[in-house]
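The structure appears right after this line, and notes come after that.
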Amino acid sequence: MRCAHELRSPVVRWSAIAALAVLLPAAACDVQYVRIGYGEDPLEALAGEWQGTWTSTADDGSGPLTVRVRQFRGEPLVELLLANPCLVPGDYDLSLRDGRIELGRAGEVVLRAAALADGSLGGSYDCGADRGVLTATWSRALPMPLDLAGPWQGELLRAGAPAEPLQVEFSQAAVGGGLELAAQVTAPGIDFAVDLAGLVEFGDADFQFLLRSPAAVSPELVLVGRGSREPLRIDLATLQWLDGGASAATALVRLEPLPD
């Protein structure tokens, strides 16, 4: 794990989506997740942003904790931000039900948290490498994610060349507690429409995304960037052609959704 200071998750989602782009610096934590189970109304007691701390009972370690719970098309989304040795890259099972969050790995629950009667969030973690407690208080309501699905158009800007047309068809779905984004890209110099897939994160005023082509596609294509909620558009993004992991070419991208 390369994350020294922040670990994002739905549950442990990789921290910040734009890690490989010079446009959007952040720590890169490549953590995978697998499935989510939840009750009939998983968000009633947990929706919103929670701020608090984690404290080790094995040593004097501690740090900040942020938990964000919201939904997309009725499916829950969970984001957990903390730096702790119990949360390392791997496959996790996320369970969200009856005001409780559980994070499991290799058949063992490594983190538990629940909404308490006094309105706070409390819990514990235990993974062998460390154990301790979690405490947090509700901070604020969160804006819901936008739906980026549909056709977008814009332009591709390469150094020393005129702007070229670009078409992208986005699709979006909540999977395993995170928000997945896929795109079919059609652009000059690409002989066929290329399918890209990855994740998108929504902030209060903007969103960030990182999408890659399948490993079988050569050269690999990576679309990474940031967009605004209002007006809805992508003004800061790059499309990269990677050859053997090294950048073979890079172009700036601007996109707007086509009107209905």
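From the largest down, region 35-140 spans 40, 30, 20 angstrom on the principal axes of its Cα atoms. Mean separation of Cα pairs under 8 Å and 6 or more residues apart, divided by the residue count, gives region 50-151 a relative contact order of 28 percent. Computed over region 150-257, the P(r) curve from all C-alpha pair distances, binned at 5 Å from the origin, holds 3, 12, 22, 28, 19, 11, 4, 1, 0 percent per bin. With the cut-off at under 17 Å, measuring from each backbone N in region 61-91 to a point 7 Å along the Cα-to-Cβ line of A47 picks out 68-79.
Under the criterion of Cα pairs below 8 Å and six or more residues apart, the relative contact order for region 150-257 equals 22 percent.
With contacts defined as alpha carbon pairs under 8 Å and 6 or more residues apart, what's the relative contact order of region 119-196 in percent? Computed over region 119-196, the figure is 18 percent.
Sorted largest first, the principal axis extents computed over the alpha-carbon atoms of region 85-162 equal 58, 30, 21 Å.
Every read-out reported here was derived from the displayed coordinates using simple, explicitly stated rules and does not represent laboratory data. Please read all numbers here as calculations on a predicted model, not as lab measurements. Using ideal geometry, Cβ is built from the backbone for each residue, glycine included, and neighbour counts are taken over all protein chains shown.
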